[in-house]
Every structure is written in C-alpha cells, then in structure tokens.
Amino acid sequence: QVQLVESGGGLVQAGGSLTLSCAASGNIFSRSTMGWYRQAPGNEREFVADITSGGITNYADSVKGRFTISRDNAKNTVYLQMNSLKPEDTAVYYCNLKYGVFRRTWWGQGTQVTVSS
C-alpha cells in the first residue's frame with residue numbers, strides 16, 4: 001500500500017516562491033512516475049508537472065519556466081519548486097504516483113497554495 005503526504009503549502013504574495021514536498025511510503029517510488037496536479041474552486045483538477053522514473057519531466061504550459069519538479073529516490077520524495085507565483089496559481093495541489101503497466105494511481109490528500117495579489 002502506498003501513502004502520499006504533501007507539505008509546504010501556504011500563503012504567499014504574487015511574485016513569491018514556495019516549495020511543495022510529497023513523501024511516499026512503500027518500495028515502488030523509484031520505479032514510479034510522480035506528478036503534481038492542482039484544483040482551484042469550481043474547476044477541474046488539472047495537470048501541473050510530472051517526472052518519470054528516468055527523470056524525464058513534463059510541464060503544463062501555464063507553469064513552464066516558473067515551476068520545477070524534481071525527485072529524491074533516496075528519500076522517496078518529490079518536490080515542486082514554484083517561482084514567480086501568480087494569483088491564478090491558487091489551488092489545492094495534489095501529489096500523484098503512477099506505477100506499472102496498468103498505471104495504477106495513488107493520490108495525496110492535497111495542500112493549499114494561496115497567492116495574494
């Protein structure tokens with residue numbers, strides 16, 4: 001069984017930075033694709049970024065150049081460094097783990113990020 005625990009959310013002014021962390025339990029982390037998604041009030045959950053087990057990264061166009069995803073397999077942790085934050089980045093951010101040929105998926109409980117203008 002996998003559990004994902006996010007941390008690092010909070011309130012920040014526009015233009016500021018935050019780093020989110022997601023710690024995973026279990027022994028499949030290093031062989032999994034890790035991702036970050038977000039959901040703003042009244043909106044669908046949307047993709048933000050992910051990183052494969054081989055370190056290949058993908059970003060949503062809205063965050064490209066501002067956010068950086070990284071992973072530390074020794075710590076079973078994935079990070080999301082968020083710079084130049086905008087009010088439209090305000091959302092609950094969720095960590096996601098995908099594993100195996102059937103892409104079994106786990107989600108964290110989410111962490112709130114609020115960017116004030």
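The values are calculated or read from the model by the stated rules, or taken from the named source; none is laboratory data. Since this is a predicted model, take the numbers as computed values, not measurements. Note that each Cβ is placed from the backbone with ideal geometry, even for glycine, and that neighbours are counted across all protein chains shown. Surface areas here come from the heavy atoms of the whole protein model, side chains and all, with no ligands, DNA or RNA. Shrake-Rupley method; radii C 1.70, N 1.55, O 1.52, S 1.80 Å.
Before we move on, is Gly55 modelled with pLDDT under 95 and over 19 Å from Asp89 (Cβ atoms)? The answer is no for Gly55. Check Val101, Val12, Val78, Val2 and return the single one that is of a type in the set (Val, Ile, Thr) and under 22 Å from Ser116 (Cβ atoms). Only one candidate passes the filter, namely Val12.
Consider only pairs whose beta carbons are under 8 Å apart and that are at least six residues apart or on different chains; among these, list those whose first residue lies in the range 12-35 and is among the charged types (D, E, K, R) and whose second residue is assigned to a loop (DSSP other than H, G, I, E, B). Note: pairs meeting the criteria are Arg31/Ser53. Of all residues in the range 49-72, those satisfying the criterion of being open to solvent by less than 60 Å² (accessible area, probe 1.4 Å) and outside any loop (DSSP other than H, G, I, E, B) are Ala49, Asp50, Ile51, Thr57, Tyr59, Phe67, Ile69, Ser70, Arg71, Asp72. Please tell me if Lys75 is touching a residue at least 40 places away in the same chain (Cβ under 8 Å), open to solvent by 30 Å² or more (accessible area, probe 1.4 Å) and either more than 21 Å from Gln1 (Cβ to Cβ) or not polar (S, T, N, Q) (or both). The answer is yes for Lys75. Cβ-Cβ contacts under 6 Å between residues 6 or more apart (or on different chains), taken from a first residue in the range 50-61 that is free of Cβ contacts under 8 Å to residues at least 12 places away in the same chain to a second residue that is open to solvent by less than 40 Å² (accessible area, probe 1.4 Å), are listed as Asn58/Asp50; Tyr59/Ala49. Among the residues of the range 67-83, none qualifies, meaning not one is modelled with pLDDT of 95 or more, more than 17 Å from Gly8 (Cβ to Cβ) and charged (D, E, K, R). The strands (runs of 3 or more DSSP E) found entirely in the range 1-46 that carry 1 or more residues being within 13 Å of Arg71 (Cα to Cα) and open to solvent by 30 Å² or more (accessible area, probe 1.4 Å) are 18-24.
Evaluated against (1) out of contact with any helix residue (DSSP H, G or I) (no Cβ under 8 Å at 6 or more places or on another chain); (2) crowded, with 18+ Cβ neighbours inside 10 Å, Met82 falls short on exactly one condition, (1).
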